[in-house]
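> Before anything else, here's the structure in question.
The values are calculated or read from the model by the stated rules, or taken from the named source; none is laboratory data. Predicted, not measured: the structure shown is a model, and the values here were computed from it. Reconstructed Cβ throughout: ideal geometry from the backbone, glycine too, with neighbour counts over all protein chains shown. Side chains are part of the model used for accessible areas, which takes the heavy atoms of the whole protein and leaves out ligands, DNA and RNA. Shrake-Rupley method; radii C 1.70, N 1.55, O 1.52, S 1.80 Å.
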Amino acid sequence: MHQEELKQRTRAFALAVIKLVRRLPSGRDADVIARQRVKCGTSVGANYRAASRARSRTEFIASMGIVEEEADESAFWLELLVDAGLARRVDVEALLREADERVAITVSSIKTARSRQRS
């Protein structure tokens, strides 16, 4: 997958997260989860952009590690929204899939970068 396409996907993910959060019911629990969702969902794209501008392989690996953590955290908050009855699974399914794909792609990129770093 091309770097520019991945940048677009992470941006689209962030926008979809924002739109989902806007549709959540109001309430103390939903507000707390919504804040966390926006933070980690938008952080995926911001940190991927930082990784794409890394000045070294070490910096790239560190930034991609943050992308992996934030994407995985995004999946956690999405699952929690469903489990708490604040969102329907059907409404978060595409975002969950994208978060899982982002984790897989990121892990693969980190492994490749580490193997090249050792060479």
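> Please go through region 48-105 and pick out each residue that is open to solvent by 80 Å² or more (accessible area, probe 1.4 Å) and aliphatic (A, V, I, L, M).
Val90
> Next question, about the same structure. Considering region 65-89 alone, what residues qualify as being hydrophobic (A, V, I, L, M, F, W, C) and under 19 Å from Ala34 (Cβ atoms)?
Ala71, Ala75, Phe76, Trp77, Leu78, Leu80, Leu81, Val82, Ala84, Leu86, Ala87
> Give me the pairs, please: first residue somewhere in region 73-91 and touching a residue at least 24 places away in the same chain (Cβ under 8 Å) and more than 20 Å from Ala104 (Cβ to Cβ), second residue anywhere and open to solvent by less than 30 Å² (accessible area, probe 1.4 Å) and outside any helix (DSSP H, G or I), beta-carbon distance under 8 Å, and either six or more positions apart or on two chains.
Leu81/Leu24; Leu81/Ala87; Leu86/Leu24; Ala87/Leu24
> Quick check, is Gln117 of a type outside the set (Gly, Ala, Ser), farther than 17 Å from Lys7 by Cα and open to solvent by less than 60 Å² (accessible area, probe 1.4 Å)? Reasoning before the result, please.
On the way: of a type outside the set (Gly, Ala, Ser): yes; farther than 17 Å from Lys7 by Cα: yes; open to solvent by less than 60 Å² (accessible area, probe 1.4 Å): no.
Here the answer is no, as Gln117 does not meet what is asked.
> If we only count helices (runs of 4 or more DSSP H) wholly inside region 1-115, which ones have 1 or more residues that are under 14 Å from the mean Cα position of the chain (by Cα) and among the basic types (Lys, Arg)?
Of the helices (runs of 4 or more DSSP H) lying wholly inside region 1-115, those with at least 1 residues that are under 14 Å from the mean Cα position of the chain (by Cα) and among the basic types (Lys, Arg) span 3-23, 28-52.
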